[in-house]
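The values are calculated or read from the model by the stated rules, or taken from the named source; none is laboratory data. All values derive from a computational prediction rather than experimental measurement. Glycine also receives a Cβ, built like all others from the backbone with ideal geometry; neighbour counts cover every protein chain displayed. Just so you know, the surface numbers come from the protein's heavy atoms only, side chains and all, with ligands and any DNA or RNA stripped out. Shrake-Rupley method; radii C 1.70, N 1.55, O 1.52, S 1.80 Å.
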Amino acid sequence: MGKFLARRLANYVVLVFLATTFAYLLAASTLSPRANYAEMSPRPTEAAVDAQLDRLNLNDKTPLAERYTVWLGDVVTGDFGRTVRDTSVNEEIQRRAGVSIRLIVFGTVIGAVSGVLIGAYGAVRQYRVFDRVSTGAAFFMLSVPAVVVAISLQVIAAAINEWTGTTIFQYAGEYTTGLDAGFWGTLGNRIQHAILPTLALALGQFAAFSRYQRNMMLDVIGSDFVRTAMAKGLTRRKALFKHALRTALIPTVTYFAFVFGSLMAGTTFTEKIYGWNGMGSWVIDSIVKNDVNSVAAVSCFMAVCIMVASFLSDVLYAWLDPRVRVS
Amino acid sequence: MTASQTRTETSVTDQRPGDAPVLEVTDLHVTFPGVGKAPDVRAVRGVSYALRRGEVLGIVGESGSGKSVSSLAAMGLLPDYAQIRGSVRLHGEELLGLDDREMAKRRGKSIAMVFQDPLSGLTPVYTVGDQIAEAVRIHNPDVGKEQAAARAVELLELVGIPNAAQRAKAFPHEFSGGMRQRAMIAIAIANQPDVIICDEPTTALDVTIQAQILDVLKTAQRETGAAIVMITHDLGVVAGFVDRVLVMYAGRPVEIGDVDDVYYRTRMPYTMGLLGSVPRLDDAGRAPLVPIKGTPPSLSDLPPGCPFAPRCPIAEPRCTAAEPELVRIGASGHRAACVRAEEVEENGWGAADIYPLPDIPDDTAAEVPRQERDVVLEVEDLVKHHPLMKGAVFKRRVGTVYAVDGISFDVRERETLGLVGESGCGKSTTLMEILSLDRPQRGRVVVLGRESGTLNSRQRFETRRELQVVFQDPMSSLDPRMPVFDIVAEPLRTHGHPKARLAARVNELLRLVGLDPAHAARYPQEFSGGQRQRIGIARALALEPRLLVLDEPVSALDVSIQAGVINLLDELKVKLGLSYLFVAHDLSVIRHIADRVAVMYLGRIVELGDVESIYRAPAHPYTQALLSAIPIPDPEKERARTHIVLEGDLPSPADPPSGCSFRTRCPKFKELGDGERRLCLDEEPQIRPLSTGDHGAACHYAQQRAVV
Ligand code: SF4
Ligand code: SF4
């Protein structure tokens, strides 16, 4: 199994490299940091702009290959260069990465786990009330764009806040600035802020996973090995849990890596809508500001996230499916 | 079985008087309610039987007869929506109405089950050992993990898995079909149950493996003293294995009794038909099989009275008045559900007296010695090797599968050659190679005088016209969106049959295969399996071929239907002067239909010759084992036979043994001295003719011997 995972990991590292390179080349050839200076007043001289851009390794007069080499040379030493405003990209990553990771991890875990459980149970209760309701909910979520979900949640939250007369949900920013409420108070405040964006992400995940898991579960529920397990003396419920769900999880784990990409896209919108200063909102801002190095850095971050997710799914897969381990 | 600590005091069989039934099923009814407007399906309608300790009961019936459903009901394994009535008592305790928790306590402990399909019967993600150990621990929670694992190994040894300790750690996909079925039996006997229900336990297996599994079941029964319910459609398996037989038809028992009574003193016309419809391995005659006309009734729309009445040749008006009860007839314990059973008894009627047999004309043309007849198909040293690939993206070749490895045979005009062997022997590959009309990797294939691979497109077209094929699965080989008329007319249209005479020709063809031309506008799914196969045959015959290649044409059909199709093939051959290349795994069918046989093992032909001498006195140890493994539907004969049970599984065709490819399993090889063995190890035997005419075997020590 170790060999299998090591080989996968090596593949992913290559892919991350390629994805980041591609993102850099695309950003460097389409975004124009020089344009940023055009609107400045007083307008700096061309020589001054060139000098500044050269310092930032953003000068479009330098051949792309040369800029790329310089950039890559820095990146391998762990330095993602400087933003258009001459601040360190690395520092910005440090500030923002945690914000996004929190959102992604909670959104995924909550969405995937609830999706798997609800989907699996829906399959067991096929065509009963539970199944119909959860299927309906999942289809509804799938048909509504993530942006609409995020905004609707805000509207609903505002209505609830108003109706109850207390601020249960917060929907702007990551925490209330200037709040001084001790450790627990701050934590509570952060949770209040986190509920909605996490939910916005988790709902999409839930919808995808519950549909998928339901289908996978239906495939194995009637299978002979479940019948064998019952014939041995397991109750139906135990047989379904121990034999059917375990087997039906294998394809879902692969699916996890597959849907993770769409989750990353969802994060971008969610951060923007809820005013979270994460990586997702940064990439949008950076594109607007022609910030080549930042765009490349965020792309790299996303590629690494996807790599981690894929690797995790490989590990889970190898753990769940012994057929990979033995061969 | 040594350790008996897994057996707790709750199984009280030993304290009961010997003749109290262990399992008693009384008037069991199972109905699956129809969804929406669909009518209810009455799958089981009044099954009763009692099973005593150590007794073996066979439940026989065709698909849809309710034989499996009744046992699943006893196990509490039917889905919730099934409506179950009646009574199932285990040691006098009523099981119906117990909830899943209570039933689970009994399942696997007092009453265990072995299912048909060993392929999907084990959970793919747990090791075989763990799955057996689980069965032990469910009912004995205080048995530790290690103890249970040790017991699992012990059980695997008992069911005959070599290297049990090591194999217990393997996953199901690393086991062959036969080994998986052994593991299933190990699970079933893990807690020394009092009743083991075997639901078609050998149906999915090859005959030599079937013989092994039946052996294991006998051992299991000896070791546990359990009563066994053997559910099967195979009248041969039942004959030698069971004490009593229950024959089911349309959800009801129609005849029950001691196996000898039911087989030799059959009183119910359906049972008679069933017994008469199986081709017999021990029957040299070419008498037509007993075909039962029509098909079993739909369980949601049963005819009034006796459900067999629409198909029964001796039905009378009173048969449809009320459903006949099972009444005692003749010997004690022998009961039949037929109003005319008494008459049958008095007159001593047999199948031949009741059923009108089709008149199959003798083939006078076939009396010409075969050497003087034209060769329609010649295969010489045919080779087909597949590369064995590995890797998902970058495939690399890791070996070669020797699917067909140098075989030669010929088929003469008006002759049927049966190509037999177990799965993986290369018979289907051979057939595909012949049908492709391409140049083989090595050797020569000459179809109707034209050599494959040398034909121009016109010649290919011509050859295709004269060489037709009938496949196993009638459903998948017929386009479901085409009405039968178009299916049969298609080859005619392709080959430019005059339009004006098209309809006449299609009708003629349909009549020829025993279908009503009035049904030509229907779609394939409106026909039963046997009728679909007839459609397939009609299509194959449309262009008046000379050579018909048949790939397991009857193996997907129930026996009563199979007989009709076999009779039809027999008749067509004579009428139209056809030659058949008949590929099958069922040696009884081959004996009935073929003139010559080629037995394949691991891509080679090991024995070749005329049917009579091969079945009477096979010379190759593999053929002997194959024939010996097939149970004969004749209880007395079957009990008197000793089966040659081969050890182990088929070796991988990617890594065949050196010298004689059969040596790893050859019983003869084991008896040889070291000096004699050298030959088998080093030299690949070639087919050498035996004394009796047209018969040869590829064995260095071939020796003819009767085994049937
Ligand atoms: S009851 Fe009548 S129809 Fe039924 S099997 Fe007997 S004779 Fe035939
Ligand atoms: S050649 Fe040897 S190993 Fe092969 S079948 Fe004959 S006796 Fe057995």
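Quick notes on this structure:
- Yes/no for residue B:500 being more than 28 Å from residue B:583 (Cα to Cα), in a helix (DSSP H, G or I) and either at pLDDT below 90 or outside the structural domain of residue B:551 (by TED's automatic domain parsing) (or both): yes
- Test for residue A:231: is it without any contact (Cβ under 8 Å) to a residue 24 or more places away in the chain, over 30 Å from residue A:176 (Cβ atoms), crowded, with 23+ Cβ neighbours inside 10 Å and within 14 Å of chain B (Cβ to nearest Cβ): yes
- The residue that is surrounded by the fewest Cβ atoms within 10 Å (Cβ to Cβ), counting only those in segment B:73-105 that are within 14 Å of chain A (Cβ to nearest Cβ) and in contact (Cβ under 8 Å) with a residue 60 or more places away in the chain, is B:90.
- Qualifying residue in segment B:273-289 (condition: within 16 Å of ligand 1 (Cβ to nearest atom), among the charged types (D, E, K, R), away from chain A (no Cβ under 14 Å) and over 19 Å from the mean Cα position of the chain (by Cα)): no
- Selection within segment B:628-641 - touching a residue at least 12 places away in the same chain (Cβ under 8 Å) and either away from ligand 2 (no atom under 15 Å from the Cβ) or within 14 Å of chain A (Cβ to nearest Cβ) (or both): B:629, B:630, B:631, B:632, B:633, B:634, B:635, B:636, B:637, B:638, B:639, B:641
- Residue in segment B:178-185 that is under 21 Å from the mean Cα position of the chain (by Cα) and closer than 30 Å to residue B:312 by Cα present: no
- Wholly enclosed helices (runs of 4 or more DSSP H) of segment A:243-327 bearing at least 2 residues within 14 Å of chain B (Cβ to nearest Cβ) and under 26 Å from residue A:98 (Cβ atoms): A:292-320
- Residue match in segment B:323-334 (condition: assigned to a loop (DSSP other than H, G, I, E, B) and among the basic types (Lys, Arg)): no
- Within segment A:138-172, tally of residues that are open to solvent by 40 Å² or more (accessible area, probe 1.4 Å), touching a Ser or Thr at 6+ places or on another chain (Cβ under 8 Å) and touching a residue at least 40 places away in the same chain (Cβ under 8 Å): 1
- Of all residues in segment B:385-431 being under 26 Å from residue B:630 (Cβ atoms) and aliphatic (A, V, I, L, M), the one that is modelled with the lowest pLDDT: B:403
- So residue A:80, is it surrounded by 11 or more Cβ atoms within 10 Å (Cβ to Cβ), within 26 Å of the chain's Cα centre (by Cα) and not in a helix (DSSP H, G or I): yes
- Single match in B:619, B:625 (criterion: small (Gly, Ala, Ser), assigned to a helix (DSSP H, G or I) and within 12 Å of ligand 2 (Cβ to nearest atom)): B:625
- Residue, most open to solvent (accessible area, probe 1.4 Å), within segment B:312-335, restricted to residues that are touching a residue at least 24 places away in the same chain (Cβ under 8 Å), more than 8 Å from ligand 1 (Cβ to nearest atom) and out of contact with any helix residue (DSSP H, G or I) (no Cβ under 7 Å at 6 or more places or on another chain): B:335
- Of note, residue A:123 satisfies the criterion of being of a type in the set (A, V, I, L, M, F, W, C), open to solvent by less than 30 Å² (accessible area, probe 1.4 Å) and touching a residue at least 12 places away in the same chain (Cβ under 8 Å).
- Matching residues in segment B:135-148 - criterion: being out of contact with any Gly (no Cβ under 6 Å at 6 or more places or on another chain) and either open to solvent by 10 Å² or more (accessible area, probe 1.4 Å) or on the phi > 0 side of the Ramachandran plot (or both): B:137, B:141, B:142, B:143, B:144, B:145, B:146, B:147
- Matching entry among B:645, B:583, B:554 (being crowded, with 23+ Cβ neighbours inside 10 Å and either assigned to a helix (DSSP H, G or I) or out of contact with any Lys or Arg (no Cβ under 7 Å at 6 or more places or on another chain) (or both)): B:554
- Here the helices (runs of 4 or more DSSP H) wholly within segment B:133-226 that include at least 3 residues being within 26 Å of residue B:59 (Cβ to Cβ) and out of contact with any strand residue (DSSP E or B) (no Cβ under 7 Å at 6 or more places or on another chain) are B:177-189, B:207-224.
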